[in-house]
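The values are calculated or read from the model by the stated rules, or taken from the named source; none is laboratory data. Please read all numbers here as calculations on a predicted model, not as lab measurements. Heads up, the Cβs are rebuilt from the backbone with ideal geometry, glycines too, and the neighbour counts pull from every protein chain shown. Calculation scope for accessible area: heavy atoms of the full protein, side chains included, ligands and nucleic acids excluded. Shrake-Rupley method; radii C 1.70, N 1.55, O 1.52, S 1.80 Å.
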Amino acid sequence: MTRFTIASFNVKNLIGPEREYYRFQSYTPEEYAWKADWMADQLLTLNADIVGFQEIFEEAPLRQVITEADRRGAEANAASIPDPSKRYHRKAIFQKLAYGSYAEAALAFAPNVNDTGEPGKRRPGLAVLSRFGFEGDAEVIQELAQPLDIPMACLGEDDDAGFYTLRRLSRPILKVRVPVGDLVITVFNCHLKSKLGEYITPQGADYAPESVLTAYDAAGRALGSLRAALRRMGEAWVLRRAVLDELEQGRPVMVLGDFNDGEHAVSSEIISGEAPFKNYAWMLRHDARHGGDRYSEEEDRQIHEAIDRVRLRSAEKMFLKKSLRDVVYTTAFGGVHESIDQIYMSRHFDPAWSGALGEMQYYSVFNDHLTDGSHPEAPYNKLASDHGQIMAHMELHS
């Protein structure tokens, strides 16, 4: 059997020292050294075979962090892993303790097309690190060749109510194909639009009126939240469409990243697909002519299979169901801890499906630093992250 681990790591604004990423925000050389040191330790602790990173402004600092993690890993192995001269060196415990180097790993980086490169106006991208390498080239989804037009209908009327159009994603979606054992798994890494409101700056103005908190505009800020939610859900649909393209070809799929929707999980539902009703034989047919015109039992089985075939499973929910543990948290936003970082997988990894090719054995969460600055015991949230890391421990059957 082949085992592997896959993790999601929102690093919170990785960029080189003295480079202004957001307005008036940058790292001094000392702050950057602290952040890189912390990230190397986190990567060493994760020791994951596949890692999806979010909020990567520049590729070079990430490569430096990986190199430093490898250096520390080699030192840890030398100190704790017995050499072949020890007859007990083959024991499984040492295999689990050993750090695996990324020296031969592949790294795919997706810069953000919205990144102007100008100080204070930078935008973060994504990266995927794989000890198994990649099959083919990585694919970046951000500029939409065909704009996403979402038609709106006037309820109860025949005429339309306009369109919501999306031409570009706020951040890229990175798609890679990873060979693991006898399988090739399609992995999507994403960072959907944040929950921060999206406000429009009038022509000739320096800032949007809604950003003036001393003249608080509740309705305007609510409209900003609506724009952000529409964009986030539209981006989720773009990702869902890409996932379906892979599933229709029979390819195993894993989706990871920052979905930014912990409270209502609308984007998660769009990405994963709808959950089926328990029994469609209870439901009126779409073309019902009378109250008893419902779906047949055969149609119920057909509908369940059609939905289940393309529905993704949440690693977190599968683990909670399996272990009956308390809910896990992966981010803090405004002092509220939520699970907005996710790892989803197709039914190829669900043991409840007869055709499963593998399954998740365990699910790890690293919350040791989780803060958004609201906690006095963690004042250095700028340099660590407001996210924890999550990791799925997978096992393939062949």
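Some observations on this one:
- Charge sum, other residues only, whose C-beta stays under 15 Å from H397's C-beta, Lys/Arg counted +1 and Asp/Glu -1: -2
- Element breakdown for the chain at a 1.4 angstrom probe: carbon and sulfur atoms account for 53% of the accessible area.
- Full extension of the chain segment joining A161 with T214 gains 15.6 nm, where the gain is 0.36 nm per residue of separation less the Cα-Cα distance.
- Label point distance in nm, R168-A106, each placed 7 Å from Cα along Cα→Cβ: 2.8 nm
- Convex hull volume of the stretch 1-62 per residue (C-alpha atoms, cubic angstrom): 73 Å³
- The stretch 268-328: projected area of the alpha-carbon convex hull, averaged over directions, in nm²: 5.7 nm²
- Amide proton proximity set for Q361, modelled H, under 5 Å, gap of 5+: H393, M394, E395
- Derived scalar couplings between HN and Hα for the stretch 66-74 equal 4, 4, 5, 4, 5, 4, 5, x, 5 Hz in order, rounded to whole Hz, by the Karplus curve 6.51 cos²θ - 1.76 cosθ + 1.60 (θ = phi - 60°), x for Gly and Pro.
- Of the peptides 4-14, 162-172, the order by per-residue mean of other Cβ atoms within 10 Å, starting with the highest, comes out as 4-14, 162-172.
- Proximal aspartates and glutamates relative to K322, as straight alpha-carbon distance under 18 Å, when same-chain residues fewer than 8 apart are discounted: D350, E359, E395
- Rounded to the nearest 20 debye, dipole of the chain from Cβ charges on Lys, Arg, Asp, Glu: 1060 debye
- Among the listed pairs K175/K382; K96/K195; K121/K175, those beyond 32 Å (Cα-Cα): K96/K195
- Were the residues from E248 through Q25 laid out at 0.36 nm apart, the gain over their Cα-Cα distance would be 75.9 nm.
- Global form of the stretch 114-159, assessed from the alpha-carbon gyration tensor, a/c cut-off 1.5: oblate
- Relative contact order (percent, whole number), the chain, Cα cutoff 8 Å, 6+ residue spacing: 17 percent
- Accessible area in square angstrom per residue, the chain, 1.4 angstrom probe: 52 Å²
- By the Cα gyration tensor, the stretch 12-152 has an equivalent ellipsoid whose semi-axes, rounded to whole angstrom, run 35, 21, 10 from largest to smallest.
- The stretch 251-303 and the stretch 136-186: distance between their alpha carbon centers, rounded to Å: 20 Å
- Taken over the C-alpha atoms, the chain has Rg and Dmax values of 23.1, 81 angstrom.
- Charged neighbours of L226, selected by a Cβ distance under 13 Å, balance to +4 (K, R count +1; D, E count -1).
- For A110, net neighbour charge (Lys/Arg +1, Asp/Glu -1) across residues whose Cβ lies under 13 Å away: -4
- A Förster radius of 25 Å combined with the Cβ-Cβ distance from C154 to I303 puts the calculated FRET efficiency at roughly 0.25.
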